[in-house]
Structures are given as C-alpha cells and as structure tokens.
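The values are calculated or read from the model by the stated rules, or taken from the named source; none is laboratory data. All values derive from a computational prediction rather than experimental measurement. Here Cβ is always computed from backbone atoms with ideal geometry, including for glycine, and neighbour counts include all displayed protein chains.
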Amino acid sequence: DVLSRVLNYARHSLATGFLVAAAAGLLGGLAGLAGGYLGGWADTVVQRLVDALMALPLLVLALAVVAALGPSRWGATVALVVAFVPVPARVGRAGVRPLRTAGYVEAARVSGAGASRVLSRHVLPNAAGPWLIVVSAQVGGAVLAEASLGFLGLGGAGAAGSLGAMLGGQAQTYMHAAPWLVICPGAVLVLLVLSANLLGDALAGALDPAAAAGPAGRASGARPAPPFRRWGSRASPARACTGSPGRP
C-alpha cells in the first residue's frame, strides 16, 4: 500500500532530520563554544577543521562518509551529522567571541566566577539565539539530504525505508503507468521540508523580530529582544556593570 509506506517512511525521514540537526548542532555548538571562548590554538584547530569540512559540498561529503562506513541507516545518519556540523560551529563561534570581552563577563571573572559558571550563566544564554535558529533551519536540509542518499541507494533502507528510496527503483520504471508512485512520496517530501523551513522562520521571528521583518523592520527601529534572560539575574548586563539604577 503506497499510503502506508509513505506515512511510515515520512515518520522515519522526519525523525532522522531532527536527530541529524540536533546532533550536528550540539557537536558544532560545543566546538564553536570551545574555539570562540578559549581562543588561541583551540580556535585555530576548530577553524581549520571546519574549513576542511566546508571545502567539500554537503552531499559529496556525506557520500564520502557513507562510502567509508558502509550503506546503512546509521552510517547515513553519521554522514549527515558530519556534513551538517560546520555551520553550527561557525555560528556558535561568532556568537561567543564578542562576549569574551563583554563588560558583564569581565565583571564575573573579576568577582571570582569560574569558567564553567561564566559560560553557563553569562555566555551561553546570550549566544544561544542564533545557534537555535540555525539548528532549526537545518532540519529541512537534513530531511532532503537523507532522501537524496536514499534515492541513490546509500540510505540502508532495510525494514524502515525512506521517501528517497520510494522515488527511485521501481517507481521510475512504472512512473508513466502509475504516476502516484512518484507523486505521493515527492509531495510528502516537499511538505516535510516546507514545514521544517516554516518552523525555522517562526523561531527566527520569535528570537529576532527585527531580522525576521527585514529592511522594513530595521528601518522602523524595531529592536530584537534578547533570546534568553540571564539566569539568576534581575538586572540587564549593561546595568549590572555600570551600576546605573533602573527605571522604577
């Protein structure tokens, strides 16, 4: 039954997309956090690794990793995680580096706070917004890349296939006699990617309204709200550093 297969494979494709985006975002975010906060040789190593991964197109890099690990579902997942790591790493590093010399971070260091406390209470909450937007935006790309590997026969479909595998094989042979074999999985794949992209746009609008509004929003003077409030603090970072009293 085409409908049951499409529904089952769509569930697996969507789960793979979320898993790949979360794992790549976590690994890339940790790498970018370490490089951006520590600086020096750690930052250099992270940047060179990210540059090496970004030197190859995403799908070509995934194909190379699948060829090394073998065509299986977990091999394809690991390949996609490796291919999607560079962007969260760069965004995480770009968000952390300006905070190293921020006034409230320096004040926390002077007050005797350790590196773990500074990172968890002052750096991460203020750098997580762009990182979350990038991770959510990568879900749709991961679903599409997983379908591409399945279409090429490298997804290791087994008992749990993929929408890409449905688009290839016998569907191509009987496409003229039974066009629904291609139309149904293709339409569901488009809807999945579109839904994931809309989710990313909604999250971007919630965390950064001015950027989501575009030039008109910036011209109107809309100011983006901070993505997270500093844990355990009632005053803003600038007010805490300058000691200026707040408005009643």
message: Give me the helices (runs of 4 or more DSSP H) completely within segment 106-167, filtered to those with at least 2 residues that are hydrophobic (A, V, I, L, M, F, W, C) and modelled with pLDDT of 80 or more, ordered by residue number.
response: 124-151, 163-167
task: Hey, can you tell me all the residues within segment 1-45 that are polar (S, T, N, Q) and either without any contact (Cβ under 8 Å) to a residue 12 or more places away in the chain or not in a helix (DSSP H, G or I) (or both)?
output: 4, 44
- line: Expected single match for of a type in the set (A, V, I, L, M, F, W, C) and over 30 Å from residue 4 (Cβ atoms) among 67, 147 is 67
